[in-house]
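What follows draws every value from the coordinates through simple rules; no lab data is involved. Note that the coordinates shown come from a computational prediction; the quantities given were computed from them, not determined experimentally. So basically every Cβ, Gly included, is an ideal-geometry build from the backbone, and we count neighbours across all protein chains shown.
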Amino acid sequence: MKKIFLMMVLVSSMISMNAQLTLEDVIHGGKTFFNYYPRAVNVKFKGDANVLVYQRRDSVFTQAINNTKQTFLFDLSMLNEILLADGHTKLTRLPSLSWENTDVIAFATGNGFYSVDISEKSVNMFVEREKGGANYDLQKANARVAFTKGNDLFVKAGKDKAVRVAGGVGEDIIFGQTVHRNEFGINKGTFWSPNGDYLAFYREDNSMVSDYPLVNVSERVAKLENIKYPMAGMASHQVQVGIYNIATQSTVYLKTAEPKDRFFTNVCWTPDNKFILIAELNRGQNHMQLKKYEAATGEYVSTLFEEKDDRWTEPQHPALFIPKKKGDFIWQSQKDGFNHLYVYTQNGQLKKQLTKGNWEVTNVLGFDKANKYLFIESTKDGALERHVYKVNLASGKMNRVTNEAGVHRVKISKDGRYVLSTFSSLNVASKTNLNDSKGRFIRTIETLENPYKDIETGKVELVKLKTKDGQFDLNARMVLPVNFDAAKKYPVIVYVYGGPHSQMVKNRWMGGARGWQLYMAQKGYIAFTLDNRGTSGRGKEFAQAIHRQLGQLEVEDQMQGIEYLQSLPYVDTDRIGVHGWSYGGFMTITMMTQHPEVFKTGVAGGPVIDWKYYEIMYGERYMDRPDENPEGYAQANLNNHVKDLEGRLLVIHGAIDPVVVWQHSLTFVRECVKNGVQLDYFAYPRHEHNVLGHDRIHLMEKVTRYFEDFL
């Protein structure tokens, strides 16, 4: 019997040690992906109270700050009793809950938006969703929701009939949705006044924008489905901002005057509900004016201040008003070279620069209850990490409130005394700590074990290099193969993105390595990624160095990574491949054509080929218009470099891609054919810019096979 037991233990151990990751395990959309995805405990502060509240499946528990004992509060069945008694639909699972105060929870379901008093066992608010509605924007102050249906904008209270705010003027005019293709931090199209009496909204006129053809091949006869796509140098859509008065059901439009060909961003209300502030940006994106308008009449009041830049200025955040400070607000700007906070009066007078240094404010988290402190996330401790600081609004003094190395996400108690910090680092999958806001550790709430504990994964290393001129550090990540032997030679796959507003390498779990890179390390590849100039988190000079010359300095920096790899005795320099998507697809082909002697194999997904085919807001920011920068456009046009392609290249594209339109890669194929250059090509019908869902397994299997076959 003992022999049998020992044999079973030995076999179990061998199975555990030989366990292999599959694509289903490492690709989002895979059936077993979430088995290996570290998910932290769902813990929050209970409204205004300094009490912790846990949501575990269909039950909710509370816990005192200085006590580890958890007390049951309520569960799904108890919540359903309250809902059913008030005539609402029974829930099948406990939704994600937010705490409005110590007794009132708020949540949303497919039926609508709820506010429920648990102690009183009553439904305080219910606003019903409308069938076919989208872009919901709830205003709790007056228990109303704004939403869109098609191109039209509606407002609804409770179960009342929805009122159409704007619409019915043709398919080219869109109300209440995001504009300017979601650039400049725009992620919504409606903006409630603080008291809920008014609704500001975007009106987008696409009538002057060219139709762009997409084809639906699912129809019996393939069907044309046009979209509006404003290409660089061509006509852009025109935007207005309307103000809807709930009481009078009337609308005025802000009198923004000429030129119409500009961008209206970072819309916000003043706390007194009387004025609207908008960051208005010229078409050239190098001159921003923060303007003030009267909400009741739409009249222009004043320009509070303006910012100019030789390359570009990119407002990303609306004014943040400091509560009970007579209209003072905080503005984020890179005007001193790094993204920092500035305090202005309501009349646009600069009072002070609140934060300063060779580091970036990466997120503003909110004020404490007394409005004495502001909590921010920043790169003050290095671009590889994200820590949270408490900033004194009077003195600017900063205290770090997160204590362990890594990338932190926090929740702050209403009074600002306590902080829940969930973070990861290179070797920590996820850990949640409770600190006070002076940074003093109270206790660990949860530490997640390594989700790959039963699987041998490649060692992940963070590497620091230099730009060719020595001016900047470059951060890189390398995943070594499983069972690494320094005496052997290994092929390398460089995974690249390299575009603006990205940072692939951080001191987070596995260094931020994608599951597919761990999968390829399991197959015997070195997986390498480097953040080049043009990416974020390093200040304006690092980000803006690429202006008017996309694909040049980025590749120069990537080649610093290649030189490092070539210096390693265990790298097979004859077997280096590269893979990327979108901007990374552009980088993949650019790297292969600029350095054909280096890259044996590449896979480029959804690649930008010719920047004149890309949209105005993003493309013109970095390249200016085609007629303003013909040399830069020609240099970055990969159709001009097909003769330099020597390695084996696979290009992949979604056939209804509305971001990098199919024309990009099709023109590249045509140029390759004209020049007798061979390449491989695959299209995903009915997929947009990314191949999502379970079809992504098919995509990554194709990418994997390509490297297996040719690298």
Seminar exercise, completed: Inter-part gap, Cα centre of the stretch 556-631 to Cα centre of the stretch 637-655, in whole angstrom, is 11
Problem set entry | Burial order of peptide ranges 166-172, 587-593, 390-396, 329-335 (average beta-carbon count within 10 Å, highest first) | 587-593, 329-335, 390-396, 166-172
Seminar exercise, completed: With R₀ set to 41 angstrom, the calculated FRET efficiency between the beta-carbons of Lys352 and Glu628, to the nearest 0.05, is 0.65
For this session: Pop out the ³J(HN,Hα) list for the stretch 337-345 in order, Karplus 6.51 cos²θ - 1.76 cosθ + 1.60 with θ = phi - 60°, rounded to Hz; leave Gly and Pro as x.
Result: x, 9, 6, 9, 10, 10, 9, 10, 7
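Taking 60 Å as R0, compute the FRET efficiency from the Cβ-Cβ separation of Ser302 and His698 and round it to 0.05. Numbers along the way, then the final one.
Details: r = 56 Å, r/R0 = 0.94.
Efficiency, rounded to the nearest 0.05: 0.60.
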Exercise. For the charge dipole of the stretch 460-710, defined by +1 on Lys and Arg C-beta atoms and -1 on Asp and Glu C-beta atoms about the Cα centroid, which residue among Leu565, Asn675, Ser582 has the Cα displaced farthest towards the positive pole?
Worked result: Leu565
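Taking the Cβ of Ala134 as the center, what net charge do the other residues with Cβ under 12 Å away carry, scoring Lys and Arg +1 and Asp and Glu -1?
Numbers: positive: Arg129, Lys131, Lys149, Lys188; negative: Glu130, Asp137, Asp152.
It works out to a net charge of +1.
Kindly put Tyr519, Tyr253 in sequence by how many other C-beta atoms sit within 10 Å of each C-beta, fewest to most. Don't jump to the answer; show the numbers that get you there.
On the way: Tyr519 22, Tyr253 12.
Least crowded to most crowded, the residues run Tyr253, Tyr519.
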Exercise. Could you put Ser665, Ser193 in order, starting from the residue whose Cβ has the fewest other Cβ atoms within 10 Å?
Worked result: Ser193, Ser665
Exercise. Which value, in debye to the nearest 20, describes the size of the charge dipole of the chain about its Cα centre when Lys and Arg Cβ atoms bear +1, Asp and Glu Cβ atoms bear -1, and nothing else is charged?
Worked result: 2140
Exercise. Considering only Tyr519, Val252, His698, whose Cα is most displaced toward the positive end of the charge dipole of the chain, charges sitting on Cβ of Lys, Arg (+1) and Asp, Glu (-1)?
Worked result: Tyr519
Exercise. Residue farthest toward the positive end of the dipole of the chain, with Cβ of Lys/Arg at +1 and Asp/Glu at -1: which of Leu52, Gly170, Gly112?
Worked result: Leu52
For this session: Quote to one decimal, in nm, the extra length available between Lys255 and Phe484 on full extension: 0.36 nm per residue of separation minus the C-alpha distance between them.
Result: 75.9 nm
For this session: Mark the label point 7 Å from the Cα of His28 along Cα→Cβ and return the residues of the stretch 667-691 whose backbone N is within less than 13 Å of it.
Result: 690-691
Exercise. Simple spin-label model, 7 Å along Cα-to-Cβ: Ala247 to Leu73 in nm?
Worked result: 3.7
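Which FRET efficiency, nearest 0.05, do Arg220 and Lys397 yield, Cβ-Cβ r, R0 45 Å? Each step should come with its number before you reach the end.
Details: r = 69 Å, r/R0 = 1.53.
Approximately 0.05, to the nearest 0.05.
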For this session: Calculate, in whole percent, how much of the Cα-Cα pair population of the stretch 625-679 lies beyond 20 Å.
Result: 33
Seminar exercise, completed: Extension length gain for Ser98 and Asp86 (0.36 nm per residue less Cα distance), in nm, is 2.3 nm
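Viscosity 0.692 mPa s, temperature 37 °C: give me the Stokes-Einstein translational D for the chain in µm²/s, with Rh taken as the Kirkwood radius over C-alpha pairs.
Answer from the Stokes-Einstein relation: 116 µm²/s.
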Problem set entry | Difference of contour (0.36 nm per residue) and Cα-Cα distance, Lys411 to Ala370 | 13.0 nm
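For each of Val388, Val267, count neighbouring Cβ atoms within 10 Å of the residue's Cβ, then give the residues from fewest to most. Let's see the in-between values first.
On the way: Val388 24, Val267 21.
In order of increasing Cβ crowding within 10 Å: Val267, Val388.
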Exercise. Roughly how big is the stretch 109-172's charge dipole about its Cα centre, with Cβ charges of +1 (Lys, Arg) and -1 (Asp, Glu), in debye to the nearest 20?
Worked result: 200
Exercise. How far apart, in nm, are the 7 Å Cα→Cβ label points at Lys674 and Met234?
Worked result: 1.9
